[in-house]
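Okay, structure first, notes after.
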Amino acid sequence: VQLQASGGGLVQPGGSMRLSCSSSRNILTLNEMGWYHQAPEKQRELVAGFTRYGTTTYQDSVKGRFTISRDNAKNTIYLEMENLKPEDTGVYYCHAQVQVKHTYDYWGQGTQVTVSS
């Protein structure tokens, strides 16, 4: 599975930004797909994701500010980020998981988001 992320950049606190991630595999066949955030000198953490059943999950710190959505026809997921805060700064990675007897994890190249005035 190849994942191509786009979006990211510099935004002021309180601003908005959208990230996109396109998958080379039909996203409906994925066990899960979502976005991870890695702040400077911290571990990568799940921000928002879809399960294979279409349900969504969010990190508590982004609930009410971030929205994950998907376009099945385009095999693409999106992360709409609103009311961005400096602590949202970091690299955002698209992640996909395939489960066929074993579990396989795939990562996009990462896109930098910087929230600063």
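The values are calculated or read from the model by the stated rules, or taken from the named source; none is laboratory data. Bear in mind the structure is a predicted one, so any value in this text is a computation, not a measurement. Every residue, glycine as well, gets a Cβ built from its backbone with ideal geometry; the counts of neighbours run over all protein chains shown. Ligands, DNA and RNA are stripped out before the accessible areas are found, and what is left, the full protein with its side chains, is counted by its heavy atoms. Shrake-Rupley method; radii C 1.70, N 1.55, O 1.52, S 1.80 Å.
Think of a 1.4 Å ball rolled over the protein heavy atoms: the chain then has 56 Å² of accessible area per residue.
On the accessible surface of the range 14-77, probed at 1.4 Å, how many percent belong to carbon and sulfur atoms? C and S atoms contribute 43 percent here.
Rounded to the nearest 20 debye, the dipole size of the chain about its Cα centre is 300 debye, using +1 on the Cβ of Lys and Arg and -1 on the Cβ of Asp and Glu. Between the residues Gly110, Thr51, Leu28, the greatest Cα displacement towards the positive end of the dipole of the chain, with unit charges on the Cβ of Lys, Arg, Asp and Glu, is found for Leu28. The candidates Met81, Met17, arranged from most to least accessible area with a 1.4 Å probe in the full protein assembly, appear as Met17, Met81.
Name the lysines eligible as straight-distance cross-link partners of Lys63: C-alpha to C-alpha under 22 Å, and not fewer than 8 places from it in the same chain. Partners found: Lys42, Lys85.
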